[in-house]
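Just below is one structure, and these are the notes that go with it.
The values are calculated or read from the model by the stated rules, or taken from the named source; none is laboratory data. Note that this is a predicted model, so its numbers are computed, not measured. As a convention, Cβ positions derive from the backbone with ideal geometry for all residues, glycine included, and neighbour counts pool all protein chains shown.
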Amino acid sequence: MPTDGLSQDVTIGVTIPARDARGRAARLGPVLDSVLSAHNYPPVIERLLAEALTLTALLGALLKEPEGQMTLQAQTQSGVIDLLVCDYLGGELRGYVRHDPARLADAGPNPSLRTLFGKGHLAVTFDQPAAKERYQGIVPLDGENLAQAAQSYFAQSEQIPSLVRLAAEKREGRWSAGGILFQHLPEGEEGRARIHTQLDHPDWPHVAVLAGSVKPEELIDPDVPLDDLIWRLFHEEAEVRTFAPVRLSRGCRCDPDYVRSVIARFPEEEREAMVGPDGFITVDCAFCSTSFPITLEEVRSK
Ligand SMILES: [Zn+2]
């Protein structure tokens, strides 16, 4: 396996200046095993979360600020899955899924996005604290898979022609996933109001055809570094620029002190009612499945 740093747990950025196109590519390996091992999800949910984390890495790589945060949330009232949340902060990824195991078992081995979520919504939030920029788009969760849902998010919420491909597979007990995101920005990244973006600009179908020719096995294959993957797709273009890679890792921001401070805000008698038979108030972090056992004495002193 190549050890050039562009094969696993990494994203890179790409621009094709003559086509007014930008792209991001992501490959995830050990970071997925690390996130997924904290949960005990059935294979269908593991694959969905692996794809969602890959999409999260691609979207996070669009942030301009290193301290920027991106949150991806898919939610429904009555789906097999009622909540999927992933977020990205400085290359750190985390995510979890809440689902109904009995209904999932009835959905078969390859359920569509519609089967899993029913009628749902996809919310994407970009937070860039230095520029005091917060942008949230919410669209119906449309399409057969998460990649299609992301494309329809960009088309509806941001009016940016986009192509998204995601793939994830578990081989010999280890997860590997990959994805690409390409977009047409004829007005530039900062550009004029995107209302005027031409959805039928001739450069875009060209980029979309080349990017769309990527095969799922190329996205996943840890023997194909991301710069090689970009080269395979765009080697006939006059100029393709790639940017410094960003490393991905598993990160959770749950904090025992914060958990204690939240518990301390409850009235004394409510806190007493929370104490379990073991003598602790136990709070779980949904993202990393860490349990925080807290005693009444600890929060009284807050
Ligand atoms: Zn946590």
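When Ala130, Ala177 are checked against the criterion of being within 24 Å of Ile12 (Cα to Cα), of a type in the set (A, V, I, L, M) and assigned to a loop (DSSP other than H, G, I, E, B), a single residue qualifies: Ala130. Just to be sure before I move on: is Val85 β-branched (Val, Ile, Thr), part of a strand (DSSP E or B) and touching a helix residue (DSSP H, G or I) at 6+ places or on another chain (Cβ under 6 Å) in the structure I sent? For Val85, the condition - β-branched (Val, Ile, Thr), part of a strand (DSSP E or B) and touching a helix residue (DSSP H, G or I) at 6+ places or on another chain (Cβ under 6 Å) - is not met. In the set (1) buried (at least 19 other Cβ atoms within 10 Å of the Cβ); (2) of a type in the set (A, V, I, L, M, F, W, C); (3) part of a helix (DSSP H, G or I), Leu163 fails one condition alone, (3). Selection of region 257-268 for residues being surrounded by fewer than 14 Cβ atoms within 10 Å (Cβ to Cβ) and outside any loop (DSSP other than H, G, I, E, B) yields Asp257, Tyr258, Ser261, Val262, Glu268. Please determine whether any residue of region 269-284 is within 24 Å of Leu55 (Cα to Cα), away from the ligand (no atom under 16 Å from the Cβ), surrounded by 15 or more Cβ atoms within 10 Å (Cβ to Cβ) and in contact (Cβ under 8 Å) with a residue 24 or more places away in the chain. Scanning region 269-284, I find no residue that is within 24 Å of Leu55 (Cα to Cα), away from the ligand (no atom under 16 Å from the Cβ), surrounded by 15 or more Cβ atoms within 10 Å (Cβ to Cβ) and in contact (Cβ under 8 Å) with a residue 24 or more places away in the chain, so the answer is no. Here Pro222 does not qualify as surrounded by fewer than 11 Cβ atoms within 10 Å (Cβ to Cβ) and part of a loop (DSSP other than H, G, I, E, B). Number of residues in region 5-56 that are among the acidic types (Asp, Glu) and either touching a Ser or Thr at 6+ places or on another chain (Cβ under 8 Å) or part of a loop (DSSP other than H, G, I, E, B) (or both): the value is 2.
Only residues that are surrounded by fewer than 24 Cβ atoms within 10 Å (Cβ to Cβ), without any contact (Cβ under 8 Å) to a residue 40 or more places away in the chain and hydroxyl-bearing (Ser, Thr, Tyr) were counted across region 27-71, and they come to 1. Scanning region 72-81 turns up no residue that is outside any loop (DSSP other than H, G, I, E, B), surrounded by 17 or more Cβ atoms within 10 Å (Cβ to Cβ) and out of contact with any strand residue (DSSP E or B) (no Cβ under 6 Å at 6 or more places or on another chain).
Within region 189-216, the residues that satisfy the criterion of being at pLDDT below 95, loosely packed, with under 15 Cβ neighbours inside 10 Å and within 25 Å of the chain's Cα centre (by Cα) are Glu189, Glu190, Arg194.
Condition check ((1) within 16 Å of the ligand (Cβ to nearest atom); (2) at pLDDT below 95) across all residues:
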site: Glu218; (1), (2): no, no
site: Phe234; (1), (2): no, no
site: Val240; (1), (2): no, no
site: Arg247; (1), (2): no, no
site: Asp255; (1), (2): yes, yes
site: Phe266; (1), (2): no, yes
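Determine, yes or no, whether Ile12 is touching a Pro at 6+ places or on another chain (Cβ under 6 Å), at pLDDT 95 or above and surrounded by 19 or more Cβ atoms within 10 Å (Cβ to Cβ). Against the criterion (touching a Pro at 6+ places or on another chain (Cβ under 6 Å), at pLDDT 95 or above and surrounded by 19 or more Cβ atoms within 10 Å (Cβ to Cβ)), Ile12 qualifies.
Residues considered: Arg103, Arg94, Arg114. Of these, the only one that is more than 19 Å from Ile180 (Cα to Cα), within 16 Å of the ligand (Cβ to nearest atom) and in contact (Cβ under 8 Å) with a residue 12 or more places away in the chain is Arg94. Given the criteria out of contact with any Phe, Trp or Tyr (no Cβ under 6 Å at 6 or more places or on another chain) and more than 30 Å from Ser7 (Cα to Cα), does Phe234 qualify? Spelling it out, it is not the case that Phe234 is out of contact with any Phe, Trp or Tyr (no Cβ under 6 Å at 6 or more places or on another chain) and more than 30 Å from Ser7 (Cα to Cα). Looking across Phe292, Phe287, one residue alone is in a loop (DSSP other than H, G, I, E, B), within 14 Å of the ligand (Cβ to nearest atom), of a type in the set (Phe, Trp, Tyr) and surrounded by 15 or more Cβ atoms within 10 Å (Cβ to Cβ). It is Phe287.
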